[in-house]
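The values are calculated or read from the model by the stated rules, or taken from the named source; none is laboratory data. The structure presented is a predicted model; accordingly, all values stated were derived computationally and were not measured. Every residue, glycine among them, receives a Cβ derived from its backbone with ideal geometry; neighbour counts consider all protein chains shown. Accessible surface is based on the protein model in full, side chains and every heavy atom, while ligands, DNA and RNA are left aside. Shrake-Rupley method; radii C 1.70, N 1.55, O 1.52, S 1.80 Å.
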Amino acid sequence: TNNALTEAVYYILLSLHQPLHGYGIMQKVEEMSGKRVKLAAGTLYGAINAMLDKHWIEALPEELDSRKKEYVITKQGKAVLTAEIARLKELYENGIAVTEGR
């Protein structure tokens, strides 16, 4: 698809190149964005459920001693992210070309 990702979804997919639980995702996204993107729990879990439905991420089998579900990006999620990075690169390059007169 050539649908633009929301910033939240983009950063969640990036953060899930390593398995993380919800709170870990929140921390990683805040860290990567220099504290600019702060995910509210509702936003995070809404995005997680949507991405689970689309098979962009998957939940890992839960450890018996852990109540925290961990998620990780899938092959399909990586393809979506790669396409979005290419789209953003085009946006950036065209913006620079026009504004800097190249």
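Couple of notes before you dig in:
- Looking at the stretch 24-82, the pairs of alpha carbons with a distance over 15 Å make up 59% of the total.
- For the chain, with +1 on Lys and Arg beta carbons and -1 on Asp and Glu, the positive-most of Ile85, Tyr10, Ala97 along the dipole: Ala97
- Relative to the longest principal axis of the Cα atoms of the chain, the long axis of helix 22-32 makes an angle of roughly 30 degrees.
- Angle between the chain longest axis and helix 41-53 axis [Cα atoms, degrees, rounded to 10]: 90
- Highest-first packing order for the peptide set 31-40, 49-58 is 49-58, 31-40, based on the mean count of other beta carbon atoms within 10 Å.
- Relative contact order (%) - the chain, alpha-carbon pairs under 8 angstrom, separation at least six: 30
- To put it simply, the accessible area of the stretch 1-81 at a 1.4 Å probe is 51 percent carbon and sulfur.
- Compactness relative to 2.2 N^0.38 Å, alpha carbon Rg of the chain: 1.21
- Cα-based helix-to-principal-axis angle, 75-99 vs the chain, degrees rounded to 10: 30
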